[in-house]
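Trainee: Structure incoming, see below.
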Amino acid sequence: MAAAAETDKVTVALAQHLAGFRYEDLPAEVVSAARRGVLDWLGCALAGSRHSTLDILVSTMHELDTQSGFNLIGRNDQSGLLSAALINGQMGHVLDYDDTHMAGVVLHASSPVLAALLALAQMSGASGTDLIAAYVAGFEAGVRIGQASPGHHKGGWHLTGTLGTLAAGAACAKLLRLDPQQFVHALGIAGTQAAGMQQNRGTMSKSFHAGKAASNGILAAKLAQRNFDSSDEIIEGSRGFCRIYSETAVPQAVLDELGQRWEIVRNGHKPYACGVVLHPAIDALIGLRKQAGLDPAQVSEVELRVHPLVLSITGVVEPQTGLKSKFSIYHCAAVALRDGAAGVAQYTDQRARDPEIIALRQKVKVHADDTLDNDEAYARVVAGGREHTIHIDHAAGTVANPMSDDAIREKFMANAVPVVGADRAERICAWVAELEKQTDVRALMDLCA
């Protein structure tokens with residue numbers, strides 16, 4: 001497929017491309033990335049389905065709903081269409097275990113996109129190839145609009161809420177097979193709903209952004225399907241997304257290698273249930289713990305050199321809750337050394353308040369180094385009077401050091417088995433492994449309910 005031509009009509013060009021490409025146009029590596037993403041996200045949603053945050057949200061939406069029939073992942077329950085997207089989107093992101101795109105944006109695209117698509121598919125019907133094409137379209141929209149808005153994150157916006165809304169809107173427009181003009185309007189309606197503030201990191205409201213993005217994306221596409229209109233320039237217009245959400249706007253970046261470079265292939269997956277910028281330091285400390293056989297009780301000093309984003313995003317010194325501890329480099333360093341792990345169990349309220357973890361957190365010193373890449377870290381640990389050092393070039397789960405298919409599967413099983421049991425978890429794995437052959441996505445949602 002040829003790259004899009006240079007044009008001032010960025011929104012129109014993007015919509016035409018996304019509406020026009022077919023599943024058959026997708027390279028094998030794109031289809032593989034989609035399968036990996038679906039399995040990984042479903043595991044995160046299943047694990048998150050038991051979080052107390054979801055109890056509050058589900059009971060509230062049940063009180064407000066006048067509709068039902070749409071499955072809630074991992075809860076043996078149903079709700080209305082928009083509520084299901086909202087709830088499933090939040091559960092996929094509540095543990096901060098979901099995938100992260102890092103190529104110019106920090107975007108958890110799968111939570112809003114898949115939550116929206118899997119809910120909408122229960123209404124409209126969809127095959128596995130329909131799901132893959134729509135999932136890919138969502139990635140293209142969300143990531144590329146983010147790349148056109150390079151100051152967006154710096155402005156304090158939570159990109160999973162803002163860009164995630166556009167991504168979900170594009171994905172749903174693709175699933176509904178909207179024509180190019182309707183697709184333009186779906187992007188415009190999504191863009192005008194885009195919201196989410198970084199101030200809410202470490203609270204229930206942070207993952208709420210992902211759910212709202214999913215719900216808003218469905219609404220945008222369904223309205224556009226009925227010819228509800230919007231601006232044709234929601235991305236590049238004088239008051240468009242990349243002008244008002246970013247101090248620097250490069251709208252033509254949306255069209256760079258469009259149809260040749262597929263953003264889902266550059267997605268990353270998380271081995272740890274916390275903010276992605278923390279992962280290089282966690283890799284370093286778990287690596288040192290294994291290599292040197294460190295006894296946490298003998299650790300007297302921990303010194304980390306990290307990318308500046310680590311302190312600006314995850315600099316919480318004394319987290320009091322599990323959700324807040326996911327944004328504390330000090331807590332992450334402590335559990336990595338104490339437990340040799342940074343999974344779901346390391347980020348509970350109880351772990352955040354554990355005296356042993358608190359004591360270890362207080363020994364951690366962190367230095368920002370703007371010469372480091374965002375997936376790089378150095379660590380120095382003194383234990384029993386001996387000094388140990390390590391350098392991580394690329395954190396596990398990044399494009400340069402990806403999780404293997406086996407590792408994605410192991411993560412899924414660890415997340416899913418406690419919720420749905422080993423047999424159903426195996427059946428979900430088998431279903432997703434042949435995603436492109438499936439005729440009705442509703443069967444997947446029945447397995448995951």
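Trainee: From the list 393, 375, 349, 369, which one is closer than 17 Å to residue 310 by Cβ, touching a Gly at 6+ places or on another chain (Cβ under 9 Å) and charged (D, E, K, R)?
Mentor: Details: 393 fails: touching a Gly at 6+ places or on another chain (Cβ under 9 Å); 349 fails: closer than 17 Å to residue 310 by Cβ; 369 fails: touching a Gly at 6+ places or on another chain (Cβ under 9 Å).
Checking each option against the conditions leaves just 375.
Trainee: Mind checking whether some residue in segment 109-132 is among the hydroxyl-bearing types (Ser, Thr, Tyr) and either surrounded by 23 or more Cβ atoms within 10 Å (Cβ to Cβ) or on the phi > 0 side of the Ramachandran plot (or both)? So that I can check it myself, show each step before the final result.
Mentor: First pass over segment 109-132, keeping only residues among the hydroxyl-bearing types (Ser, Thr, Tyr): 110-111, 124, 127, 129.
Filter once more, so that each one left must be either surrounded by 23 or more Cβ atoms within 10 Å (Cβ to Cβ) or on the phi > 0 side of the Ramachandran plot (or both): 110-111.
Yes, segment 109-132 contains at least one residue that is among the hydroxyl-bearing types (Ser, Thr, Tyr) and either surrounded by 23 or more Cβ atoms within 10 Å (Cβ to Cβ) or on the phi > 0 side of the Ramachandran plot (or both).
Trainee: Run residue 86 past the list (1) within 16 Å of residue 164 (Cα to Cα); (2) more than 15 Å from the chain's Cα centre (by Cα) and report the number of the one that doesn't hold.
Mentor: The one condition residue 86 does not meet is (2).
Trainee: Further, regarding this structure: Out of all the residues in segment 412-428, is one or more surrounded by fewer than 17 Cβ atoms within 10 Å (Cβ to Cβ) and in contact with a strand residue (DSSP E or B) (Cβ under 9 Å, 6 or more places away or on another chain)?
Mentor: no
Trainee: I've got another one for you. How many of the residues in segment 368-402 are part of a strand (DSSP E or B) and not aromatic (Phe, Trp, Tyr)? Write out each step before concluding.
Mentor: At the first step, the residues of segment 368-402 found to be part of a strand (DSSP E or B) are 368, 377-383, 386-392, 398, 401.
Still in the running and not aromatic (Phe, Trp, Tyr): 368, 377, 379-383, 386-392, 398, 401.
Result for segment 368-402: 16.
Trainee: Counting only residues that are of a type in the set (Gly, Ala, Ser) and buried (at least 20 other Cβ atoms within 10 Å of the Cβ), give me the helices (runs of 4 or more DSSP H) lying completely in segment 292-357 with at least 2 of them.
Mentor: Working: elements: 308-314, 322-325, 329-339, 349-352.
It comes to 322-325, 329-339.
Trainee: How many residues does segment 403-442 contain that are assigned to a helix (DSSP H, G or I), in contact (Cβ under 8 Å) with a residue 12 or more places away in the chain and within 19 Å of the chain's Cα centre (by Cα)?
Mentor: Total meeting the criteria: 11.
Trainee: Residues of segment 238-293 being small (Gly, Ala, Ser) and over 17 Å from the mean Cα position of the chain (by Cα), which ones?
Mentor: Quick first cut of segment 238-293, residues small (Gly, Ala, Ser) only: 238, 240, 246, 249, 253, 259, 268, 273, 275, 281, 284, 287, 292-293.
Listed by number, the residues that qualify are 238, 240, 246, 249, 253, 259, 281, 284, 287, 292, 293.
Okay, residues lined up against (1) farther than 21 Å from residue 398 by Cβ; (2) crowded, with 19+ Cβ neighbours inside 10 Å; (3) not assigned by TED's automatic domain parsing to the domain that holds residue 140:
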position	(1), (2), (3)
38	no, yes, no
50	yes, no, no
54	yes, yes, no
57	yes, yes, no
68	yes, no, no
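Trainee: Kindly indicate the residue of segment 126-176 that is within 23 Å of residue 243 (Cβ to Cβ) and among the charged types (D, E, K, R) and also farthest from the chain's Cα centre (by Cα) among those meeting that condition.
Mentor: The residue in question is 154.
Trainee: Something else about it: Output yes when any residue across segment 216-229 is farther than 28 Å from residue 86 by Cβ and surrounded by 15 or more Cβ atoms within 10 Å (Cβ to Cβ), and no when none is. Show your work before the answer.
Mentor: Residues of segment 216-229 farther than 28 Å from residue 86 by Cβ: none.
No: segment 216-229 contains no residue that is farther than 28 Å from residue 86 by Cβ and surrounded by 15 or more Cβ atoms within 10 Å (Cβ to Cβ).
Trainee: Now a separate question. Go through (1) of a type in the set (A, V, I, L, M, F, W, C); (2) closer than 21 Å to residue 199 by Cα; (3) surrounded by fewer than 24 Cβ atoms within 10 Å (Cβ to Cβ) for residue 81 and report which single condition fails.
Mentor: Result: residue 81 passes all but (2).
Trainee: Also, quick follow-up: In this structure, does residue 96 turn out to be touching a Cys at 6+ places or on another chain (Cβ under 7 Å) and in a loop (DSSP other than H, G, I, E, B)? Break it down into steps so the answer makes sense when it comes.
Mentor: On the way: touching a Cys at 6+ places or on another chain (Cβ under 7 Å): yes; in a loop (DSSP other than H, G, I, E, B): yes.
Here the answer is yes, as residue 96 does meet what is asked.
Trainee: A follow-up question, please. Is there a residue being closer than 26 Å to residue 120 by Cβ, touching a strand residue (DSSP E or B) at 6+ places or on another chain (Cβ under 7 Å) and either modelled with pLDDT of 95 or more or not assigned by TED's automatic domain parsing to the domain that holds residue 83 (or both) anywhere in segment 249-257?
Mentor: no
Trainee: Within segment 51-68, how many residues are in a loop (DSSP other than H, G, I, E, B) and modelled with pLDDT under 95? Give the derivation first.
Mentor: Within segment 51-68, the subset in a loop (DSSP other than H, G, I, E, B) is 51, 65-68.
From what is left, the residues that are modelled with pLDDT under 95 are 65-68.
Qualifying residue count, segment 51-68: 4.
Trainee: Right, here's the next one. Using beta carbons and a limit of 9 Å, which pairs, at least six apart or on different chains, have the first residue in segment 177-193 and without any contact (Cβ under 8 Å) to a residue 60 or more places away in the chain and over 7 Å from residue 19 (Cα atoms) and the second one crowded, with 24+ Cβ neighbours inside 10 Å and among the polar types (S, T, N, Q)?
Mentor: 189/216; 190/165; 190/216; 191/11; 191/162; 191/165; 193/165; 193/216
Trainee: Tell me which residues, restricted to segment 25-45, are charged (D, E, K, R) and farther than 15 Å from residue 267 by Cα. Explain how you work it out, then say what you get.
Mentor: Step one: filter segment 25-45 for residues charged (D, E, K, R), giving 25, 29, 35-36, 40.
Hit for segment 25-45 is 25, nothing else.
Trainee: Could we say that residue 32 is farther than 30 Å from residue 400 by Cβ, among the hydroxyl-bearing types (Ser, Thr, Tyr) and either in contact with a Gly (Cβ under 9 Å, 6 or more places away or on another chain) or part of a helix (DSSP H, G or I) (or both) here?
Mentor: no
Trainee: Also, I was wondering about something else. Answer with yes or no whether residue 11 is surrounded by fewer than 24 Cβ atoms within 10 Å (Cβ to Cβ), of a type in the set (Ser, Thr, Tyr), in a helix (DSSP H, G or I) and in contact (Cβ under 8 Å) with a residue 24 or more places away in the chain.
Mentor: On the way: surrounded by fewer than 24 Cβ atoms within 10 Å (Cβ to Cβ): no; of a type in the set (Ser, Thr, Tyr): yes; in a helix (DSSP H, G or I): yes; in contact (Cβ under 8 Å) with a residue 24 or more places away in the chain: yes.
For residue 11, the condition - surrounded by fewer than 24 Cβ atoms within 10 Å (Cβ to Cβ), of a type in the set (Ser, Thr, Tyr), in a helix (DSSP H, G or I) and in contact (Cβ under 8 Å) with a residue 24 or more places away in the chain - is not met.
The values are calculated or read from the model by the stated rules, or taken from the named source; none is laboratory data. Everything numeric in this text was worked out from a predicted model, so none of it was measured. Counting neighbours? That spans all protein chains shown, and the Cβs are built from the backbone with ideal geometry, glycine included.
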